[in-house]
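Novice: Take this structure first; my questions come after.
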Amino acid sequence: MVQQVTSGIKITVETIFEGTFYKNYKVHYAFGYKVTIENQSKDAVQLTSRHWRIMDALNNNEIIEGEGVIGKKPILKPGEFHTYRSGCLLSSPFGAMHGYYNMVNFTTSNKFKVFIPSFKLSAPFALN
């Protein structure tokens, strides 16, 4: 588990290896992750969009951008949190992800970024 706080917003990420499968005659490694976004600030905020960078051990990089998270743009009052689960596929049993959420503060109308700490993706069978 990794955690990071940016501008009073705490991000916690937990990962799990979900298995291997073949797609287009290539083996792929499936990883799941659970993200908790906790508002530790004194203002209500809304997550508007996301930006992810996914990297694997074969030096493949993928950028994912889009509105909200899993179809939602959660509004978080002080002390509230939002948890969601998602996943990704890698071409190798090792990789990492990091990124940021674009947020808006409802009190000041200011837009700001909340950084998602880098976290490792690793298949347990590939570890020494």
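Novice: Any chance segment 32-41 includes a residue that's assigned to a strand (DSSP E or B), aliphatic (A, V, I, L, M) and at pLDDT 95 or above?
Specialist: Yes, because at least one residue in segment 32-41 is assigned to a strand (DSSP E or B), aliphatic (A, V, I, L, M) and at pLDDT 95 or above.
Novice: Do you know which of the residues in segment 43-98 that are more than 15 Å from the chain's Cα centre (by Cα) and of a type in the set (Val, Ile, Thr) is surrounded by the most Cβ atoms within 10 Å (Cβ to Cβ)?
Specialist: The residue in question is Val45.
Novice: If you don't mind, another one. I'm trying to understand the selection: among the residues of segment 42-67, which are in contact with a Lys or Arg (Cβ under 7 Å, 6 or more places away or on another chain) and assigned to a loop (DSSP other than H, G, I, E, B)?
Specialist: Selection gives Ala44 alone.
Novice: Is segment 100-113 home to any residue that is of a type in the set (A, V, I, L, M, F, W, C), part of a strand (DSSP E or B) and either within 14 Å of the chain's Cα centre (by Cα) or farther than 21 Å from Gln4 by Cβ (or both)?
Specialist: No; the residues of segment 100-113 include none that is of a type in the set (A, V, I, L, M, F, W, C), part of a strand (DSSP E or B) and either within 14 Å of the chain's Cα centre (by Cα) or farther than 21 Å from Gln4 by Cβ (or both).
Novice: Next question, about the same structure. So Phe119 fits all but one of (1) more than 17 Å from the chain's Cα centre (by Cα); (2) buried (at least 16 other Cβ atoms within 10 Å of the Cβ); (3) among the hydrophobic types (A, V, I, L, M, F, W, C); what number is the exception?
Specialist: (1)
Novice: Quick one: is Asn39 out of contact with any Ser or Thr (no Cβ under 9 Å at 6 or more places or on another chain) and under 30 Å from Lys77 (Cα atoms)?
Specialist: yes
The values are calculated or read from the model by the stated rules, or taken from the named source; none is laboratory data. Fair warning: this is a prediction, and the values are worked out from it, not measured in the lab. Every residue, glycine among them, receives a Cβ derived from its backbone with ideal geometry; neighbour counts consider all protein chains shown.
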